[in-house]
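The values are calculated or read from the model by the stated rules, or taken from the named source; none is laboratory data. Source: prediction; values computed, not measured. Positions of Cβ are backbone-derived with ideal geometry, glycine not excepted, and every protein chain shown enters the neighbour counts.
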Amino acid sequence: MYSVYQTEGIILRSALLGEADSHYSILTEELGMISAEAKGVRKMESKLRCSLLPFALADFSLIRGRGRWRIASAALKRNLTGELKGRGPIRQILARAGTLLCRLVQGEERNDMLYKNFRNGAVFLCEKKPEEQLLRSTEYLLALRILYSLGYLGHLPGWNDFTSTLTFDEQMLTQIQNMKGDVVEVINRSLRESHL
């Protein structure tokens with residue numbers, strides 16, 4: 001008998017698998033980054049179909065069997081992509097942050113700070129819908145926190161104000177905007193040093 005694991009998570013990407021199945025990369029609160037399959041999810045009668053959308057925030061029931069995860073059920077909490085309909089630049093930021101996570105996270109390991117930072121950043125983008133000048137700063141702050149949460153940033157003097165909190169607010173984004181050159185340099189150096 002297989003165990004069922006319950007966790008909140010965000011779908012970062014999906015791929016078609018066979019005629020009716022799909023494969024998902026999901027950042028979860030309890031399990032870290034996982035790859036999971038959903039059987040028959042592309043059929044019209046599938047109950048999972050409406051819950052397994054790109055950047056869906058959902059409560060997942062997952063079964064681990066034979067070296068892979070399978071999605072047993074999913075209860076949609078928020079359709080972040082749907083909330084951003086017509087807001088292409090914000091959707092692109094979410095997509096780039098998701099791609100960065102998929103690139104940097106290797107293996108399954110719980111990382112509370114990483115999950116909360118990504119979740120809070122995604123929710124901030126959906127709820128506040130920052131204007132263009134602060135939009136890029138939100139992306140930089142999210143990238144800084146992803147890198148810090150994964151240990152790629154280290155403890156750099158002067159950056160603790162940005163990395164030690166889980167909140168996103170306009171004051172912090174304005175600070176990031178004013179330090180844009182330094183922020184981009186730190187992000188790029190960390191990515192180069194990751195060799196990924």
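The residues on offer are Gln133, Gln177, and the sole one that is over 19 Å from the mean Cα position of the chain (by Cα) and surrounded by 15 or more Cβ atoms within 10 Å (Cβ to Cβ) is Gln177. Residue check: Ser51 meets all listed conditions (1) part of a strand (DSSP E or B); (2) crowded, with 21+ Cβ neighbours inside 10 Å but one, namely (1).
The residues listed here are Leu27, Leu12; of these, the one that is in contact (Cβ under 8 Å) with a residue 40 or more places away in the chain, in contact with a Cys (Cβ under 7 Å, 6 or more places away or on another chain), buried (at least 19 other Cβ atoms within 10 Å of the Cβ) and not in a loop (DSSP other than H, G, I, E, B) is Leu12. When the stretch 144-161 is examined, which residues are found to be part of a helix (DSSP H, G or I) and small (Gly, Ala, Ser)? Of everything in the stretch 144-161, just one residue is part of a helix (DSSP H, G or I) and small (Gly, Ala, Ser), namely Ser149.
Counting residues in the stretch 61-77 that are surrounded by fewer than 18 Cβ atoms within 10 Å (Cβ to Cβ), touching a His at 6+ places or on another chain (Cβ under 7 Å) and either within 23 Å of Leu114 (Cα to Cα) or at pLDDT 95 or above (or both) gives zero.
When the stretch 95-125 is filtered for residues that are aromatic (Phe, Trp, Tyr) and under 12 Å from the mean Cα position of the chain (by Cα), the ones remaining, listed by number, are Tyr115, Phe118. Ile187 falls short of the stated requirement of being touching a Lys or Arg at 6+ places or on another chain (Cβ under 9 Å), surrounded by 12 or more Cβ atoms within 10 Å (Cβ to Cβ) and assigned by TED's automatic domain parsing to the domain that holds Pro89.
Part of a helix (DSSP H, G or I) and in contact with a Leu (Cβ under 6 Å, 6 or more places away or on another chain): does that describe Ala74? Spelling it out, it is not the case that Ala74 is part of a helix (DSSP H, G or I) and in contact with a Leu (Cβ under 6 Å, 6 or more places away or on another chain).
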